[in-house]
Amino acid sequence: MTVSTCAATSESAGAAHRVNVVTQIRLVWKPLVFIVCLVPAALIVADIFGLGGTLGANPVEALQDRLGNWGLRFIMMALAVTPLRLLSGWNWLARFRRMLGLFAFFYVLMHFLTWLFLDQDFLLSAIAEDIFERPFITLGFVAFLILLAMTATSTAGMRRRLGRRWQKLHYGVYLAGILGVWHYWWQVKQDYSEPLLYATVLGLLLGYRLLRRRSTILKKKRTAAAAGA
Ligand code: HEM
C-alpha cells in the first residue's frame, strides 16, 4: 500500500468514526440528556400534586424559587460547555449547548409565568408597577428578554441569516447570567451563600473566556509581528 492510499484509508476511517459519534449523540445521548433536564420539572410537578414531597407553607414562593434556581443552573451549565470543551478537547460537548440554553429559557419562562399568573394574578397595573418599581424584578425581566431573543434566534436558519451578528447576540447569555445572579443577590435578605456560589461560578467562567480571548489576540499580534519582521 502506498503512503497516499494509507492516508486516504485512515482519513475515510476517521470520517466514518465521526459520523458514528454524531449519530450516537443524536439518537442516544441527546434524548437521554433531554430526559435528565426534565427531571427537576417532573419533581416540581410531583410536589405540586403532593406526590412524595410538598411545596411547603408558601407554595407560590417555593415554586418561583425552585424554577428560578433551575433557570440559573441551566444558564451556568450552558456557559460551562465551551470552557469544558476547550480544556478537555471533547468537541462533542458543543452539541449539547443549545439544548442546555433552551432548558435555561424553559425554567426561566416557567419562573416568569408563575410570577405573572400566581403572584400578580395577571393584573397589568401590578405587573407594570413591579417591573418598573422593584429593581430586582427589572433586572430579572431584562435577563428574561435577553434569553427570549436568544431562544428565538437559536435555530440553524437564524444562525445562517444573522451571520457574524449571531455570535455577538449569543454572547448575551453572559449578560443574562450576570443579571440573573444580580437579580437573585438583590432580593436576598440574610443568607448570601447561594447567590455567592452562582457569582463565583459565573466569575470563573467569564474570567476563563476573557483570559483565553486575550491570549488569542496576543498570539495573533505576535504572529503578525513575526510575519512582518
Ligand atoms: C434570567 C432570568 C431570571 C433568573 C435566572 C431568575 C432567577 C431567580 C432566582 C435564582 C431567584 C431566587 C430563588 C431563591 O430564593 O432561592 C429568583 C427570585 C425571584 N424572581 Fe427571578 N429570575 C429571572 C427572571 C425573573 C423575572 C422575569 C421575574 C418576574 C418578572 C422574576 C421574579 C422573581 C421573583 C418575584 C422572585 C422572588 C421569589 C420569592 O418571593 O422568593 N424573575 N429568581
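Nothing in this text is a laboratory measurement; each read-out follows from the coordinates by a stated rule. Because the structure is a prediction, the values reported are computed rather than measured. Glycine also receives a Cβ, built like all others from the backbone with ideal geometry; neighbour counts cover every protein chain displayed.
Summary table below
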| quantity | calculated |
| --- | --- |
| Surrounding net charge for residue 227, when Lys and Arg each add one and Asp and Glu each subtract one, Cβ distance under 14 Å | +4 |
| Helix runs (DSSP H) in the chain reaching 30 Å along axis by Cα, Kyte-Doolittle at least 0.0 | 3-24, 59-88, 193-228 |
| Trypsin sites (Lys or Arg not before Pro) lying in DSSP loop within region 111-208, provided at most 11 other Cβ fall within 10 Å | 189 |
| Reach of residue 168 by Cα under 23 Å, taken over lysines that are not fewer than 8 positions away in the same chain | 219, 220, 221 |
| Sum of -39500 (n - 2.57) over DSSP H runs of 4+, divided by residues of the chain (222 nm, nearest 500) | -27000 deg cm²/dmol |
| Principal semi-axes in Å for the chain [√(5λ), Cα gyration tensor, largest first] | 40, 24, 16 |
| Of 17, 111, 170, the one that fluctuates the most in a GNM where the chain has Cα springs shorter than 10 Å | 17 |
| Overall Cα dimensions of region 1-54, principal axis frame, Å, largest first | 70, 12, 10 |
| Binned Cα-Cα distance frequencies in region 145-218 - 5 Å width, integer % | 3, 14, 18, 17, 17, 16, 9, 4, 2, 0 |
| 4 °C / 1.567 mPa s Stokes-Einstein diffusion coefficient of region 24-151, Kirkwood radius on C-alpha pairs, µm²/s | 80 |
| Gap separating the Cα centres of region 12-40 and region 90-117, nearest whole Å | 19 |
